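Notes follow once the structure below has been shown.
Derivation of every value follows stated rules applied to the coordinates shown; laboratory data play no part. This structure is a prediction, so every number in the text was calculated from the model and none was measured. Quick reminder, even Gly has a Cβ in these numbers, built from the backbone with ideal geometry, and neighbours come from all protein chains shown.
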Amino acid sequence: MAKCLTVFESLMAAPARRLIEQSGLSAPTENELVILDNGCGSGTVTAMLMDMLDDTMKHRMTVTCGDRSESMVASTKKRIEEEKWSGVEAKVVDGEVRAVLHALKH
Ligand SMILES: C[S@@+](CC[C@H](N)C(=O)[O-])C[C@H]1O[C@@H](n2cnc3c(N)ncnc32)[C@H](O)[C@@H]1O
């Protein structure tokens, strides 16, 4: 499983980098950043974010890694601890748009 995740992550690194560049998150800002890594899996996109942003930007951001799979969330929680990511939490969430809209209404 760990080896599969490593192979998967190496394949996803370039698209994750491009996603972050296109989102504008890699550009310097004075704003607080509140980020949902929706369908985070093992945290590939957040890992790339931690790699790309400087410390000042990292201190300005909070990241929620959300996935509906409990095992993926457990694996991301372990990674948060091991890699000492601050301002990052992992939660089981249903990130489908209709589920998010429902949660916002109640
Ligand atoms: C292909 S993986 C992508 C993982 C990671 N974002 C990446 O780029 O490496 C898709 C992930 O989305 C999660 N997922 C699918 N539907 C979801 C939903 N409605 N809410 C939250 N997570 C979901 C799956 O459990 C899976 O971990």
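For the stretch 2-57, a residue qualifies if it is in a helix (DSSP H, G or I), small (Gly, Ala, Ser) and surrounded by 13 or more Cβ atoms within 10 Å (Cβ to Cβ), and the qualifying residues are Ala13, Ala16, Ala47. Only a single criterion out of (1) surrounded by fewer than 13 Cβ atoms within 10 Å (Cβ to Cβ); (2) part of a strand (DSSP E or B) is not satisfied by Gly66, namely (1).
The set of residues in the stretch 86-104 being within 12 Å of the ligand (Cβ to nearest atom) and either assigned to a loop (DSSP other than H, G, I, E, B) or touching a helix residue (DSSP H, G or I) at 6+ places or on another chain (Cβ under 6 Å) (or both) consists of Ala90, Val92, Val93, Asp94, Gly95, Glu96.
Out of curiosity, is Arg60 without any contact (Cβ under 8 Å) to a residue 12 or more places away in the chain and either away from the ligand (no atom under 11 Å from the Cβ) or surrounded by fewer than 13 Cβ atoms within 10 Å (Cβ to Cβ) (or both)?
On the way: without any contact (Cβ under 8 Å) to a residue 12 or more places away in the chain: no; either away from the ligand (no atom under 11 Å from the Cβ) or surrounded by fewer than 13 Cβ atoms within 10 Å (Cβ to Cβ) (or both): yes.
So Arg60 does not fit the description; no.
Restricting attention to the stretch 76-85, the residues being in contact (Cβ under 8 Å) with a residue 24 or more places away in the chain, surrounded by 13 or more Cβ atoms within 10 Å (Cβ to Cβ), charged (D, E, K, R) and more than 14 Å from the ligand (Cβ to nearest atom) number 0. Would you please name the residue that is nearest to the chain's Cα centre (by Cα), looking only at residues in the stretch 32-57 that are within 18 Å of Lys84 (Cβ to Cβ) and more than 16 Å from the ligand (Cβ to nearest atom)? Filtering first and then ranking leaves Leu53.
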